[in-house]
Amino acid sequence: MEENEKKEEKVQNFKTVQNPNTYKTLYKNETIQKSKVGFGKSILLPFFSGVVGCSVVLGTCFGIPSIRSKILEVNPNVENTNNTQNSGYVSQTSLSNYSDTAVYAANKILPSIVGINVEYNVNSLISMFGRQSQTTTAEASGSGIIISDDGYILTNNHIVATSSSESYYEVSEATKITVTLFNDETEYEAKIIGTDEQTDLAVIKIEKSGLSKAEFADSDNIKVGEFAMAVGNPLGMQSSITCGVISAVNREVTDSDGKKFTLIQTDAAINSGNSGGALVNNEGKVIGINTLKLSGTGIEGMGFAIPINATTDITSQLIQYSKVKRPYIGISGMDLTENTAKANNLVVGIYVKAVDDFSAGEKAGIKIGDVIIEADGKKVTKMDELNEIKNSHQIGDEMKIKINRNGQEKELTITLGEQP
């Protein structure tokens, strides 16, 4: 009986072991210990060995740049979208590519950039013991771009053709201009070929051939965010470059003299002496002429360049005529705001203050006191708007305007003359 009872207990125990709900609790201690040893040998030891091995292999691979780049390489067939972070691919920025771009652009443009040094006479007016005059020599520096292999150089007007007069001093026109070439310490004397104050452009020339002419890009196709490099001679430090991006295009800027320009904006550093130098793209091709920057407390990285496409016609006219031929009306005007117009019983538009003798405006019948309200069918309220429409014409073209005279509207036809 006892043996049968023991057999029944073993059978019951065996059956209970197969029950998944009580499987873990019914093993005896010796059995559990044996299972732990067997599990460690057969499962855990190989697993941890594999982890250690993988760590060693991955560490070695990431220590080798070529292998690391292959592991991190983005699949070129996978399109970059806003879900890149969830795509499982890792992107990697190559600073070496950026460096190579800057090196290439610099090597391409530097031989075409010159340093310009200008001498002036400054007459200081002394009035402590009667009015006296003391003359001294002053110097200024800037940059220029070689535009032909026989010595023509494009620069800013304010570098080579600045003259001014104040109550206590007078600055003459440039008395001497010298040019220094890339990797050449020789100073070449230059002469002014033509200047244009309105666009702040000038052309000078040195007597030397075989120069490295700069290559121009299409500045109408540049995009915000593109690579940009400013090249010139800031503070007399020849052949300096600064890099950045195109910050904005078609930026309207008014300079300290009230002249308005439409310029390229960049965060590439532009300092004193950079004026007249080049702003180039990643191919080392000129996209603009560095001309000014904003400075002051809280201002950083705001430089501006004249788009190179806007200079080509100006440059050719400066070389051919020593000036820019522009259409001309021959009036002086004042912008009328609503308040000013209402206070003077006039309409909003451009009030004619003066009409030049024998000018196109006088011949067309414009009189002092007229208010110009339309030009070529477009409403105008500012002189800048009228000049923009006028400058879209050629000398000799007809331009139609509408005026308000004593409350009556009248249309006139102007045959544009040449600006004296």
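The values are calculated or read from the model by the stated rules, or taken from the named source; none is laboratory data. In this text the structure is predicted, and so the values were computed from the model without any measurement. Using ideal geometry, Cβ is built from the backbone for each residue, glycine included, and neighbour counts are taken over all protein chains shown. Note: accessible area is taken over every heavy atom of the protein model, side chains too, but ligands, DNA and RNA are not part of it. Shrake-Rupley method; radii C 1.70, N 1.55, O 1.52, S 1.80 Å.
What to note about this one:
- Applying the condition of being in contact with a helix residue (DSSP H, G or I) (Cβ under 9 Å, 6 or more places away or on another chain) and touching a residue at least 60 places away in the same chain (Cβ under 8 Å) to the range 184-196 and asking which residue is farthest from Leu318 (Cα to Cα) yields Ala190.
- Pairs with Cβ under 7 Å, 6+ apart, first in the range 325-336 and of a type in the set (Lys, Arg), second outside any strand (DSSP E or B): Lys325/Gln317; Lys325/Ile395; Arg326/Asn391; Arg326/Gln419
- Which listed residue is of a type outside the set (A, V, I, L, M), open to solvent by 60 Å² or more (accessible area, probe 1.4 Å), within 27 Å of Asn117 (Cβ to Cβ) and out of contact with any Cys (no Cβ under 8 Å at 6 or more places or on another chain), from Lys285, Lys293: Lys293
- Put simply, of Tyr98, Tyr104 the only residue that is closer than 21 Å to Ile287 by Cα and either open to solvent by less than 20 Å² (accessible area, probe 1.4 Å) or modelled with pLDDT of 90 or more (or both) is Tyr104.
- Evaluated against (1) out of contact with any Ser or Thr (no Cβ under 7 Å at 6 or more places or on another chain); (2) free of Cβ contacts under 8 Å to residues at least 60 places away in the same chain; (3) farther than 12 Å from Ile331 by Cβ, Lys400 falls short on exactly one condition, (1).
- Scanning the range 256-282 for residues that are part of a loop (DSSP other than H, G, I, E, B), buried (at least 24 other Cβ atoms within 10 Å of the Cβ) and polar (S, T, N, Q) turns up Asn274, Ser275.
- Picking from residues in the range 387-420 that are touching a helix residue (DSSP H, G or I) at 6+ places or on another chain (Cβ under 8 Å) and more than 25 Å from Val347 (Cβ to Cβ), the one that is surrounded by the fewest Cβ atoms within 10 Å (Cβ to Cβ) is Thr415.
- Looking across the range 327-340, just one residue is among the small types (Gly, Ala, Ser) and surrounded by fewer than 17 Cβ atoms within 10 Å (Cβ to Cβ), and that is Ser332.
- One residue from Thr199, Thr155, Thr195 being within 23 Å of Ile113 (Cβ to Cβ), assigned to a strand (DSSP E or B), open to solvent by less than 40 Å² (accessible area, probe 1.4 Å) and modelled with pLDDT of 85 or more: Thr155
- The set of residues in the range 203-250 that are open to solvent by 60 Å² or more (accessible area, probe 1.4 Å), within 23 Å of Gly142 (Cα to Cα) and in contact with a Ser or Thr (Cβ under 7 Å, 6 or more places away or on another chain) comprises Lys213, Leu235, Gln238.
- Index of the failed condition, Ser316 passing every other in (1) buried (at least 20 other Cβ atoms within 10 Å of the Cβ); (2) more than 26 Å from Ala269 (Cα to Cα): (1)
- Pairs with Cβ under 7 Å, 6+ apart, first in the range 374-396 and closer than 15 Å to Ile331 by Cβ, second part of a loop (DSSP other than H, G, I, E, B) and small (Gly, Ala, Ser): Val380/Gly349
- Remark: pairs (first residue in the range 202-226, under 11 Å from Val249 (Cβ atoms); second residue open to solvent by less than 70 Å² (accessible area, probe 1.4 Å) and polar (S, T, N, Q); Cβ separation under 8 Å; 6+ apart in sequence or on different chains) = Ser219/Asn309; Asp220/Asn309; Ile222/Asn281; Val224/Ser247; Glu226/Asn281.
- Of all residues in the range 237-280, those satisfying the criterion of being among the polar types (S, T, N, Q) and more than 18 Å from His158 (Cβ to Cβ) are Gln238, Ser239, Ser240, Thr242, Ser247, Asn250, Gln265, Thr266.
- Flag for Glu283 being free of Cβ contacts under 8 Å to residues at least 12 places away in the same chain and over 17 Å from His158 (Cβ atoms): no
- Segments classed as strands (runs of 3 or more DSSP E), wholly inside the range 335-420, with at least 3 members that are in contact with a Leu (Cβ under 9 Å, 6 or more places away or on another chain): 371-375, 398-405
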